């Protein structure tokens, strides 16, 4: 049987070893450095993009916090002005028809609930009519 002949088997093993050795050397010497360089460049690009995203996120959060502080501060000022104005109205005139004022305030609160978050809504102090602004 020619498949089992020792002379043929040794030559096939020799050439197999030689071809795979050359193939391995060519791959590790020429192609592997290119692949590693490509992977290193990709990693650097990802790191740079991640840093830029984090920087933009910090800027956005700082602007958002500044806007929120400004809104809350202005809402407090508005609330204080309204409270002072209503107190002065009640002191000046004992009987006031507050239906139109109540409608405007409820419309403002409705818009705030639609377009703002709960923290801004909680910053507005709303007094019930039963207190009648006694000072």
The conditions are (1) under 30 Å from residue 101 (Cα atoms); (2) loosely packed, with under 10 Cβ neighbours inside 10 Å, and residue 6 fails exactly one of them. Which is it? (1)
Of the candidates 56, 63, 69, the one satisfying the condition of being under 30 Å from residue 106 (Cβ atoms) and either out of contact with any helix residue (DSSP H, G or I) (no Cβ under 7 Å at 6 or more places or on another chain) or modelled with pLDDT of 90 or more (or both) is 69
Quick test for you: out of 59, 12, pick the one residue that is over 20 Å from the mean Cα position of the chain (by Cα) and either surrounded by 10 or more Cβ atoms within 10 Å (Cβ to Cβ) or assigned to a helix (DSSP H, G or I) (or both). 12
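The values are calculated or read from the model by the stated rules, or taken from the named source; none is laboratory data. None of these values were measured; they are calculated from a predicted model. With ideal geometry, Cβ positions are generated from the backbone for all residues, glycine too; neighbour counts draw on all protein chains shown.
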